[in-house]
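**Student:** Before I ask anything, here is the structure I am working with.
The values are calculated or read from the model by the stated rules, or taken from the named source; none is laboratory data. Computed from a prediction, not measured in an experiment: that's the story for all the values here. Please note: Cβ atoms are built from the backbone with ideal geometry, for glycine as well, and neighbour counts cover all protein chains shown. In case anyone asks, the SASA skips ligands and DNA or RNA and just uses the protein heavy atoms, side chains included. Shrake-Rupley method; radii C 1.70, N 1.55, O 1.52, S 1.80 Å.
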Amino acid sequence: MLLACLNFAPVVFAKESVTIYTEHFPPYNFSNKGHLEGINLKFVKAMCIDAKIKCNFELLPWSRAFHLAQQQPLSGLVSTARITQREKLFNWVGPLASSRNFFYRLKSNERINPLDLPQVKEHSLCVVRNSIYEQFVETIGFSDGKNLLKVSHSYECLNLFFKNKIELIIGSDLSFDYQLTQYGHPGREVVKLVELPLNDTLGNYLALNKNIPIDVVERLQSSYEKLIAQGKLDFFIEQYSNTNTK
């Protein structure tokens, strides 16, 4: 009987280990000299520690991360926009940090000045495959191979944008200045244009595989609420906002 108890003990008391996939999308989640950080990534790390869950973080292109988070039972994805089309794909913990999104142009391209969504689609645009932006811009008239270019990484869009290979790019109030700074471009080089009315988006979340034990989901959500009440998320937002102004 004693041997039986010892054999079962590691299973009963084993600490859960969850792999959380992420992408390079500063300041929410990104790699800085090989070290993963960002507003939402740091906050999720804090949630895992508080919930006593071992979380391993892995940086991948968005499309692959999105696919693996649905295929691997003990996995998740951050930061993930919670929209109607994705609702049944994951268990959701959050919301995390997010902000409003806009189309931008280079300040030097004064001829490009759309005033509404119908005028926006008259110009060329780059988006990351399988992102929320891809789904939205296709619904308003952008077409792959015509005025829409799809890539695997957000930095590919930035590179094409600053080389004048595409006319418009999408960014958020909170993240775009930080992204530009990371690649050596001051925010004054771009002009904010029309807002993307992502009305069915509930914000960024930690998306967990549907097969993760519900106890793990509940513990993470409980830790989320505890850390929110302590102002932890606001602290990380302020931390990266200050970085933008330096």
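**Student:** Hey, among 107, 210, 163, which residue is in contact with an Asp or Glu (Cβ under 8 Å, 6 or more places away or on another chain) and either more than 30 Å from residue 91 (Cβ to Cβ) or not polar (S, T, N, Q) (or both)? Break it down into steps so the answer makes sense when it comes.
**Tutor:** Working: 210 fails: in contact with an Asp or Glu (Cβ under 8 Å, 6 or more places away or on another chain); 163 fails: in contact with an Asp or Glu (Cβ under 8 Å, 6 or more places away or on another chain).
On inspection, the qualifying residue turns out to be 107.
**Student:** Ok, one more. Just to be sure, is residue 88 of a type in the set (Lys, Arg), at pLDDT 95 or above, outside any helix (DSSP H, G or I) and over 20 Å from residue 31 (Cα atoms)? Break it down into steps so the answer makes sense when it comes.
**Tutor:** On the way: of a type in the set (Lys, Arg): yes; at pLDDT 95 or above: yes; outside any helix (DSSP H, G or I): no; over 20 Å from residue 31 (Cα atoms): yes.
Answer is no for this residue.
**Student:** Now, a different point. Within region 91-127, count every residue that is part of a strand (DSSP E or B), open to solvent by less than 20 Å² (accessible area, probe 1.4 Å) and among the hydrophobic types (A, V, I, L, M, F, W, C).
**Tutor:** Final tally of qualifying residues: 7.
Yes or no, residue by residue, for (1) assigned to a loop (DSSP other than H, G, I, E, B); (2) open to solvent by 60 Å² or more (accessible area, probe 1.4 Å):
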| site | (1), (2) |
| --- | --- |
| 27 | yes, no |
| 30 | no, no |
| 43 | no, no |
| 48 | no, no |
| 52 | yes, yes |
| 57 | no, no |
| 64 | no, yes |
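**Student:** Where the second residue is open to solvent by 40 Å² or more (accessible area, probe 1.4 Å) and β-branched (Val, Ile, Thr) and the first is farther than 17 Å from residue 112 by Cα and lies in region 165-189, which pairs have Cβ atoms under 7 Å and are six or more apart or on separate chains?
**Tutor:** That search, which allows pairs on different chains as well, returns 178/243.
**Student:** Looking at residue 148 and the list (1) farther than 15 Å from residue 133 by Cα; (2) of a type in the set (A, V, I, L, M); (3) at pLDDT 95 or above, which single condition is not satisfied?
**Tutor:** So the condition that residue 148 fails would be (1).
**Student:** Take region 167-188 and flag every residue that is in contact with a Cys (Cβ under 7 Å, 6 or more places away or on another chain) and modelled with pLDDT under 80. Steps first, please.
**Tutor:** Just the residues of region 167-188 that are in contact with a Cys (Cβ under 7 Å, 6 or more places away or on another chain), to begin with: 169.
Matches in region 167-188: none.
**Student:** Further, regarding this structure: State which residue is least open to solvent (accessible area, probe 1.4 Å) when the search covers only region 190-231 and only residues that are at pLDDT 95 or above and part of a loop (DSSP other than H, G, I, E, B).
**Tutor:** Looking at the filtered set, the residue picked out is 212.
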